[in-house]
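Read-outs throughout are calculated quantities, based only on the coordinates presented, and are distinct from any laboratory measurement. Bear in mind the structure is a predicted one, so any value in this text is a computation, not a measurement. Here the Cβ positions follow ideal geometry from the backbone for every residue, glycine too, while neighbour counts run over all protein chains shown.
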There are 2 protein chains.
Amino acid sequence: MTVFEATCTAPVNIAVIKYWGKRDSKLILPTNDSLSVTLDQDHLRTLTTARADAQFGSSAEGSLHDRLWLNGVEDEIKEGSRLSACIAELRRIRAELESKDSSLPKLSEWSLRLCSENNFPTAAGLASSASGFAALAVTVAELYGLSSVLSASELSMIARRGSGSACRSVFGGFVAWQSGEKDDGSDSLAVPVAPREHWPDLHVLICVVNDAKKGTSSTSGMQRTVATSPLLQERIRIVPKRMEEMRAAIDKRDFTAFCDLTTADSNNFHACCLDTAPPIFYMNDTSRAIVALIEEANRAAREAGKEPLAAYTYDAGPNAVLYLKEENVPTVLALVRHYLPNADFEDTFNVLGGGAGAYHRGEQPEVALPEMPSTFNADVIPVQETGAVRRLIHTRVGDGPRILERGHGPQSLLQEDGTPLRLLRHKR
Amino acid sequence: MTVFEATCTAPVNIAVIKYWGKRDSKLILPTNDSLSVTLDQDHLRTLTTARADAQFGSSAEGSLHDRLWLNGVEDEIKEGSRLSACIAELRRIRAELESKDSSLPKLSEWSLRLCSENNFPTAAGLASSASGFAALAVTVAELYGLSSVLSASELSMIARRGSGSACRSVFGGFVAWQSGEKDDGSDSLAVPVAPREHWPDLHVLICVVNDAKKGTSSTSGMQRTVATSPLLQERIRIVPKRMEEMRAAIDKRDFTAFCDLTTADSNNFHACCLDTAPPIFYMNDTSRAIVALIEEANRAAREAGKEPLAAYTYDAGPNAVLYLKEENVPTVLALVRHYLPNADFEDTFNVLGGGAGAYHRGEQPEVALPEMPSTFNADVIPVQETGAVRRLIHTRVGDGPRILERGHGPQSLLQEDGTPLRLLRHKR
């Protein structure tokens, strides 16, 4: 008997022009355009398997019951949730196909089993909702055979219903989310700006920062900003020009402009968080030490007639994401490891020598300060405790979602009998 | 022989609608109005003695040489400095008086000796430029007998030339600095909003926060914000309405409105700092822990149908200044001492019992959590290291500058021979 199943991966994306604020929270329509860089799935990705089977229950028998497992733990699919809105939309489109072609199996009537795993621990502090909802949308669309009727941008609208920024993970490379103007959200979708191949030497260094504090969720945080921050209204007016400038910077691979826009927009977004009542703080003292380090390194480089070394950006948490040219990775990596020592680091690109994949963990020998322009002044960098940066992840610009299996196969996360391959014994 | 000397004190002021940004940096004309509360000189003040004597040198003999000692260390009065601009303006007005009345001694032609001391250590992290320049202007004006020709608001313009916010320390109680519109600054001055007696139970708790980092000076910081922050332009548009609302809140002694406006404006100002390129950070993790504590205490109080407990505001540094009603001091003090233990605290108002002035220093017994509304949730307050708040200062709304001596007297900071009473052997 045929197993109706698909397994796909979707990437993480990190915005350089940020999304913060919805004009419609049900449809997830943003107050402004945003633009992101898709990261390489070789290093960070969500893997999802979706299977439809009448034996799991079906609407014909009144026993439709979709189930989802996230990282080995079952997650209830609540009625009216964003997750159920995504699934319902995909099922609706499949049902339309079935109604036009009676030869198609009635997958839309069968219960779904979804199993999803991230290859980065939640503890890494990276938001997994973007890659997660993108993987869900892509995988169910593949299972349902929707590629003939849905463009990637149309699929991005479905991912958007799960988590706004997920729409941008439907493409690789450089991606814009057009906020759109329509009330029904039919023009609020992701479009490719440039493929990964356009700027292959753009690398990414993620500094995962230790943080005791549980932050404000981005969903509730951004609604509070919309309701209370007078400065957000100015931000909304500023972003269109920034989007234009960012597109031009990417088009020309102008790293200086890319860097200036990225850091300005990150700071502008966090300024709006601070202008919220009560204020929202995502960056902590370690985040700010990284800002001070990168700003000083960039200042010294510019003074020496060179390009800035790295652009920093912060999402709704304390972790720094640095965009930098491949040639500057050794210098920036050494700077971070020198001033913020003992971060765990898997050397995926063999920057340190000794073989790709070598793992540096826990107490590490002191990393020498790299050669810097003479005006570089370390005094401006506040000293942080050892281990304040917990982990470093080195990656680069990546491609869009990948289809790993059509039907059941060795990469599936469901076993042949439809149960998850890996289950955590206890809920975390 | 007559000694021409005066000794005065001037208070510290802490803005509740902040000043950040100049439209003219030479004349110190601000981009927006601001409003402050003058603190009590019984606890925080600058004391200044000014003497004019031909024996120190005179312009008639071509040997004019003014000298200044700050906290026991001589400070060079540089040509073209703000300090010399203040002195020159006072001297010019004195010279006018002398030209109209030949019976007046020619003080304007004689060198000045100025000696100034703060009763709070620089290490307390409180800006001393406001009280310092106000004391200078008031004392020299008193020495020169300018009270008949200069109103307090006119005197505030001279203090403003030394340090913008100094103009507000020329009055007690609640004080507005009107930015003015004229290019020559002749309408940029302080005016009283309400005297201290208007709201006598408004108290102040200053949390002096440990901070390793040397911050950006406010002079250079605000110019960078003006040059680079798009959000500052919106702030400038917002402030006039806030000024109106703040005047109304003070007029009605409406603590809830006063609290909401004060915290919103502090956060708005720091948001503009963060929106600056490179970003400016004055608040640190301890500052933010205090914000979290006060916001949660206020939230719980409001939910229980009560007024908020305290308003927080932060200047260009990590210290929190809390405004609160006298009746809530014991609760807020206990909250701060419970969550941020071991701050040095001199009990000026005998809140803790055991006598006014009792000093609590270093390791202290654990302070019990005060009775709080049932929904108060301590989980949202990030734990800080012991001693993160270094010192607590309890004060209240205060009066304007005080004249302590006309002529030489026991409170003078200069000895009879014109040398400073106290000199530090070594420059700090």
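Things worth noting here:
- When both the stretch B:92-166 and the stretch A:26-96 are represented by their alpha-carbon centers, they are found 72 Å apart.
- Each Lys and Arg Cβ is given +1 and each Asp and Glu Cβ -1; about its Cα centre, the stretch B:388-428 then shows a dipole of about 460 debye.
- The relative contact order of chain B, computed from alpha carbon pairs under 8 Å that lie at least 6 residues apart in sequence, is 23 percent.
- Per-residue HN-Hα couplings for the stretch B:46-54 [Karplus 6.51, -1.76, 1.60; θ = phi - 60°; Hz; x = Gly/Pro]: 9, 10, 9, 10, 10, 10, 10, 8, 5
- Measuring between their Cα centroids, the stretch A:232-255 and the stretch B:187-255 lie 32 Å from each other.
- The residues packed around B:T348, meaning those with a beta-carbon under 13 Å from its beta-carbon, carry a net charge of -4 if Lys and Arg are +1 and Asp and Glu are -1.
- Legend: translational diffusion of the stretch B:232-324 by Stokes-Einstein, Rh = Kirkwood radius over C-alpha pairs, 20 °C, 1.002 mPa s; D = 152 µm²/s.
- Amide H within-cut-off set for B:L29, under 5 Å, with H built and near neighbours excluded: B:R23, B:D24
- Inter-probe distance in nm under a simple model that places probes 7 Å from Cα toward Cβ, at B:K78 and B:E244: 4.3
- When the stretch B:183-280 is reduced to its Cα atoms, the Kirkwood hydrodynamic radius in Å: 16.1
- Alpha-carbon centroids, the stretch B:351-428 and the stretch B:264-298: separation in whole Å: 23
- Point-charge dipole on Cβ atoms (K/R +1, D/E -1) for the protein assembly as shown, about Cα centre, debye to 20: 300
- Each label was represented as a point 7 Å from its Cα along the Cα-to-Cβ direction; for A:L423 and A:D344 these points are 2.7 nm apart.
- For chain B, adding -39500 (n - 2.57) for each run of n ≥ 4 DSSP H residues and dividing by the number of residues yields -10000 deg cm²/dmol at 222 nm.
- Signed unit charges on C-beta, dipole axis of chain A, positive-most listed residue A:I294, A:G357, A:L231: A:L231
- q = 0.19 Å⁻¹, the stretch A:202-396: log10 I(q)/I(0) [Debye, one scatterer per Cα]: -1.38
- Over the stretch A:82-212, equivalent-ellipsoid semi-axes from the Cα gyration tensor in Å: 29, 19, 14
- In order along the stretch A:281-290, the Karplus-derived 3J(HN,Hα) couplings, from 6.51 cos²θ - 1.76 cosθ + 1.60 at θ = phi - 60°, round to 10, 9, 7, 10, 4, 5, 4, 6, 5, 5 Hz, and Gly and Pro are given as x.
- Per-copy distances of the A:P365 label point, shortest first, in nm (7 angstrom along Cα→Cβ): 5.4
- Computed E for B:D184/B:Q223 - FRET, C-beta separation, R0 22 angstrom, nearest 0.05: 0.60
- Taking all pairs of distinct alpha-carbon atoms in the stretch A:4-195, Kirkwood radius in angstrom: 16.8
- For A:G305, inter-copy label distances in nm, listed shortest first [label point 7 Å out on the Cα-Cβ vector]: 7.5
- Here the Debye sum runs over all C-alpha atoms of the stretch A:1-89 as equal scatterers in vacuum, and log10 of I(q)/I(0) at q = 0.13, 0.14 Å⁻¹ comes out as -0.68, -0.77.
- Rg to Rh, two decimals, where the stretch B:124-183 supplies the alpha carbon set and Rh follows Kirkwood: 0.98
- Ascending list, in nanometres, of distances separating the B:D379 label from those of the other copies (7 Å, Cα toward Cβ): 4.5
- Debye-sum result for the protein assembly as shown in log10 I(q)/I(0), which assumes one identical scatterer on each alpha carbon, at q = 0.05, 0.06, 0.11 Å⁻¹: -0.35, -0.49, -1.26
- Label point distance in nm, A:H198-B:Q233, each placed 7 Å from Cα along Cα→Cβ: 2.7
- With θ taken as phi - 60° and the Karplus curve 6.51 cos²θ - 1.76 cosθ + 1.60 applied, the whole-hertz 3J(HN,Hα) list for the stretch A:97-106 is 4, 5, 6, 8, 9, 6, 6, 6, x, 7 Hz, x standing for glycine and proline.
- Per residue convex hull volume, Cα atoms of the stretch A:340-428, in Å³: 218
- Which of A:A311, B:A152, A:C259, positive extreme of dipole for the protein assembly as shown (C-beta unit charges): B:A152
- Scaled against 2.2 N^0.38 Å for its residue count N, the alpha carbon radius of gyration of the stretch A:317-383 is 1.18.
- Alpha-carbon Rg/Rh ratio, for chain A, with Rh computed the Kirkwood way: 0.99
- Estimated dipole of the stretch B:127-244 in Debye, rounded to 20 [Cβ of Lys and Arg +1, of Asp and Glu -1, Cα centre]: 480
- Counted over chain A, the DSSP beta bridges are approximately 90% antiparallel.
- Nearest-0.05 FRET efficiency for B:S147 and B:A60, computed from C-beta distance (R0 35 Å): 0.85
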